[in-house]
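Presented below is the structure to which this report refers.
The values are calculated or read from the model by the stated rules, or taken from the named source; none is laboratory data. Nothing here was measured: the structure is a model prediction, and the numbers come from that model. Cβ placement follows ideal geometry from the backbone for every residue including glycine, while neighbour counts extend to all protein chains displayed.
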Amino acid sequence: MKKHIRAFVSLLCAAALALGCASCGGAAQSTGKSGGTAGVTHITVWTYYNGDQLESFNKLVDQFNETTGREKGIRVKSASQGSVSDLETNVMDAAQGKVGAAAMPNIFSAYADTAYALDQMGMLVDLSQYLTEDERAQYVQDYLDEGDFDGDGSMKIFPVAKSTELMFLNETDWAKFAQATGAAYDDLSTVEGLVATAGAYYDWTDAQTPEPDDGKALFGRDAMANYMLVGARQLGDTLFEVQDGKMTLNFDKDVARKLWDNYYVPFVKGWFAATGRFRSDDIKVGNVLAYVGSNSSATFFPAQVMVNDTESYDIDMTVLPSPKFAGGEDVAVQQGAGMVVTAGTEEEINASVEFLKWFTQPENNISFSVDSGYLPVTTAANDMEAIKTSGLELSPKMESILSNAVQSVKNNTLYTPSAFAGGNKARKVLEYSPSDGYRSLREKLVTYYEQYQIKLSPEEIIVTTGGSEAVLFAFMSCLNPGDEIIVPEPAYANYMAFAISAGAVIRPVVSSIEQGFALPDVAEFEKLINDRTRGILICNPNNPTGYLYTRKEMNRIRDLVKKYDLFLFSDEVYREFIYTGSPYISACHLEGIEQNVVLIDSVSKRYSECGIRIGALITKNRTLRNAVMKFCQARLSPPLIGQIVAEASIDAPRSYSTEVYEEYIERRKCLIDGLNRLPGVYSPIPMGAFYTVARLPVEDSDDFCAWCLSDFDYEGETVMLAPASGFYSDPACGRNEVRIAYVLKKEDLERALVVLGKALEAYNNRK
């Protein structure tokens, strides 16, 4: 298949205001002592831990309950809320007293902004008064500083488990590359060296196949925000300045350029990649060899690369320090949620602190670290000798992880952005959606297409910023500079602009108004097909003509696509507006070319919502979808509000669409009848959409349209028309044609026809 799926920039959908995950919380309430043995204080802890982390945490909770807890009359109950986001939602529901919400826990995992928001509500306990100076001195100072919001020595966050970033490498496949090229680990120690090595890897893998420009990416990042924030600090800049709980943005031009050149540019060149939810997912399918992520994420590093559904091979992992900018400052990211204690009785607060102090005792904190990959939070425990002599079984893999992480903490200044007022809200009120759009919207679109006998899954739909972005992303993913696509004309003018953006060339097949803009003969298409031809683009029903392709014409296109193995780009945004009783034949109905079809859609035409900018790109071609997703990740997110509106619109009753449809039928009849009654004017009857192209009794419609606006009026009114020459590649075509959209109400159309008739008469009678 002549499909050159071009790699492009891939950005993680990370909020620019956060390091790693941003957790949130809500108001605290006293749970009170609940059932059980008299004299026992019951404490509830909510976390977002899962897998090995949850198992390890629960094991320690049980150990506490059987030892110190039993001795001091404390009983701790642990409950995972699922993800960080789920935890946040449940905490906020509890804080706001929503019906059905659980009671607020005594302790829960929280990032700085969450804790700050709760503290502003007066719902957090300052834990500094519950620890002696000697006890506080046992903890890594950088970790304590995170919860000192006012700089007064307060302790609103109890550190329990931390992490920094490391590089994780598929050693098995790296060794092949290193042996062939001489690449070494030291090449990966700097950001600049990593970029250069990634370029070398792309070229090396490209040379392994006869197909050009199909090299593989070496590297990806789990958190783009960490790179931006920590990278800036390494280069001597601080993006976020927080003072008195207020944040200001500081962005040095030279720093920004260096960050860009060493992150986004490699993505554009295909040297970096991000396709799965996390980069460990990309390791698993062989899309990258290395990634930078939290040391706690190492537990998810795969043991195999899955070549396909039936083929895989084992891989080994190597752990390396996270690359730094050459000559930059020694700065590393600090991340990982601490625990906050919510307001309650004195017994509950004391019991909560007792548990947290016990949990962070070196032997217990090390146990959690060894099982989970998190770092201990005390200076005594944050030491590899202490970890090795703890008596705990330490696998070589975990030893390597913890050893590198501990060294990173010791050798660097740890950085995490300070919490600020509204930080939590800034991340969540208008948050980024998934780069391919909310699944709920994609699921509703699946149901919508079913009524047209188009069978899809949500994974085959990518939500875009309008239909225009869908066309652009399709072209950028499928076409290389110099490639050609065949387009029946007249055609939507922006297709040309999108093709130019991709470096591609449009080869027009011109239809005629005399034939009602029917599809030209197949022979006209085949005359244009050559080694650079990559696809055919149609708009059905058509903008600007309103023409609807017949089953016979669609089959002719299908046969061409199949014969020459081309893409079929099909813009079908006007399917709701077909007036002839003829069946709507989608490109997705054509058998045998399912992997070749790229369907373009938009909600703007169906619901008169062009301003919400929501469209869709639909393909069953997985390789193409992955390429398009790189562009989607580059622009981070389709419009949040637009998606919400689009979902609601899909739920609109059928009566709405019926009323709109019937109105357009009346407008079409009014316009077409009126045009054909004007002397010398001819318009074929459009079968769909809400446009027509009409031939006027003028030599130059561009001049006529301009003259109407500048020199003519009838009873204080004039008409504004679109010269049809703008819908052809050849400016000589359509010189006496105009496009008219019948989107005005009938009364306005009738008046416009009167004014148009007067304008033509006056224009042709000029001396």
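Values computed for the structure shown
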item	result
Members of region 279-323 that are assigned to a loop (DSSP other than H, G, I, E, B), free of Cβ contacts under 8 Å to residues at least 60 places away in the same chain and surrounded by fewer than 17 Cβ atoms within 10 Å (Cβ to Cβ)	VAL285, ALA303, VAL307, ASN308, ASP309, THR310, GLU311
In region 118-175, residue surrounded by the fewest Cβ atoms within 10 Å (Cβ to Cβ) [restricted to those that are outside any helix (DSSP H, G or I) and among the hydroxyl-bearing types (Ser, Thr, Tyr)]	THR132
Any hit, region 709-717, residues being in a loop (DSSP other than H, G, I, E, B), within 48 Å of the chain's Cα centre (by Cα) and not assigned by TED's automatic domain parsing to the domain that holds LYS605	no
Flag for LEU430 being at pLDDT below 95 and either out of contact with any helix residue (DSSP H, G or I) (no Cβ under 8 Å at 6 or more places or on another chain) or assigned to a strand (DSSP E or B) (or both)	no
Residue satisfying all of: in region 48-76; at pLDDT 95 or above and outside any helix (DSSP H, G or I); surrounded by the fewest Cβ atoms within 10 Å (Cβ to Cβ) among these	THR67
Some residue of region 584-598 being of a type in the set (S, T, N, Q), under 15 Å from GLY466 (Cβ atoms), assigned by TED's automatic domain parsing to the domain that holds SER501 and crowded, with 23+ Cβ neighbours inside 10 Å	no
Pick from region 632-660, criterion in contact with a helix residue (DSSP H, G or I) (Cβ under 8 Å, 6 or more places away or on another chain) and polar (S, T, N, Q), ranking: surrounded by the most Cβ atoms within 10 Å (Cβ to Cβ)	GLN643
TYR574 being in the same structural domain as ARG507 (by TED's automatic domain parsing), assigned to a loop (DSSP other than H, G, I, E, B) and within 34 Å of the chain's Cα centre (by Cα)	yes
Residue in region 488-499 that is surrounded by 20 or more Cβ atoms within 10 Å (Cβ to Cβ), under 22 Å from SER725 (Cα atoms) and under 24 Å from the mean Cα position of the chain (by Cα) present	yes
Candidate set: region 661-699, residues that are assigned to a helix (DSSP H, G or I) and among the aromatic types (Phe, Trp, Tyr); chosen: the one surrounded by the most Cβ atoms within 10 Å (Cβ to Cβ)	TYR664
Filtered residues of region 591-620 (kept if free of Cβ contacts under 8 Å to residues at least 60 places away in the same chain, of a type outside the set (A, V, I, L, M) and part of a loop (DSSP other than H, G, I, E, B))	GLU591, GLY592, GLU594, SER608, GLU609
Residue within region 529-544 that is more than 29 Å from ILE614 (Cβ to Cβ) and of a type in the set (A, V, I, L, M, F, W, C) present	yes
Candidates LYS324, LYS284, filtered to the one that is at pLDDT below 95 and not hydrophobic (A, V, I, L, M, F, W, C)	LYS284
Residue under evaluation VAL660, criteria (1) in contact (Cβ under 8 Å) with a residue 12 or more places away in the chain; (2) within 25 Å of the chain's Cα centre (by Cα), criterion not met	(2)
